[in-house]
Amino acid sequence: MRATEDGAVVLSVPAEQREEALAALSAYEIENPVPVPEEGHDRQEPPSLLPGIVTAAVLLASHAIVVRSPASTLWLERGSADAGRILSGETWRAVTALTLHADLAHVLSNAAGAAVFVAALSSMLGAGIAFALFVLAGAGGNFLNAYFYGPPHVSIGASTAIFGAVGMLGGLAMAKRRKAVQRGRRRAWIPIAAALGLLAMLGTGGGRVDVLAHLFGFSFGAVLGVFFAYLAPDPPRLGAQWGWGAAALGVVIWCWTLAFSR
């Protein structure tokens with residue numbers, strides 16, 4: 001056996017042992033096949049920041065509209081996640097509350113979180129679906145929070161949706177690991193454990209932080225992530241992405257229309 005200049009290894013055997021050597025090499029290749037990457041996973045592109053930036057811009061724009069409005073208190077009164085009113089049938093509040101923020105620091109921190117996590121999510125699901133599930137996870141977390149607390153609990157802000165995106169990232173990664181060839185079950189839980197650690201670091205500090213809203217958003221998002229990992233292992237095409245994104249934006253506008261029509 002000798003090594004060549006390019007790093008290859010040459011194995012030499014006597015001529016009379018040629019057949020035995022070939023049989024041994026064939027048996028080794030059968031027992032140790034080279035893993036073939038799954039279709040669609042060998043061309044992974046770096047995540048685009050654009051979907052996250054657009055989501056952050058929507059949050060900043062909505063805050064600017066409310067602040068500059070002469071009836072800013074009316075926006076808060078009609079759109080906040082008031083648990084009692086949500087439970088009484090004003091379900092749109094679970095969505096409209098995501099676009100309301102207490103002050104500039106509040107909206108800037110949530111816009112930064114949305115820019116990072118929606119961008120990461122869009123690299124796995126596509127921009128339109130990522131935005132739609134961002135809204136859905138936030139609304140689902142607000143619903144669960146309202147049922148848990150009941151009146152007179154009131155909350156606002158997109159952080160529930162942001163931690164929903166964190167949960168989705170963990171759920172998606174966990175499901176993909178479980179589906180991968182030769183992956184152990186313990187390894188499959190690593191992404192969820194990492195996401196929970198991120199929730200603990202970012203979602204539980206400060207006196208004004210609604211910890212349970214973050215936890216509910218995270219949990220709802222994790223379930224969505226696992227579900228979509230099996231439902232759509234490869235991101236749908238551009239037309240479907242536009243459809244999902246437009247539908248999500250339409251739901252937000254429709255919910256605000258309901259808020260001001262009552």
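Placing a pseudo-label 7 Å from each Cα along the Cα-to-Cβ vector at residue 50 and residue 74 gives an inter-label distance of 3.8 nm. Counting Lys and Arg as +1 and Asp and Glu as -1 over every other residue whose Cβ lies under 13 Å from the Cβ of residue 81, the net charge comes to -1. Taken along the Cα-to-beta-carbon direction at a fixed 7 Å, the label points for residue 240 and residue 261 span 3.1 nm.
Where a number appears in this text, it was derived from the coordinates with a stated rule and is not lab data. All values derive from a computational prediction rather than experimental measurement. Note that we place each Cβ from the backbone using ideal geometry, even for glycine, and neighbour counts take in every protein chain shown.
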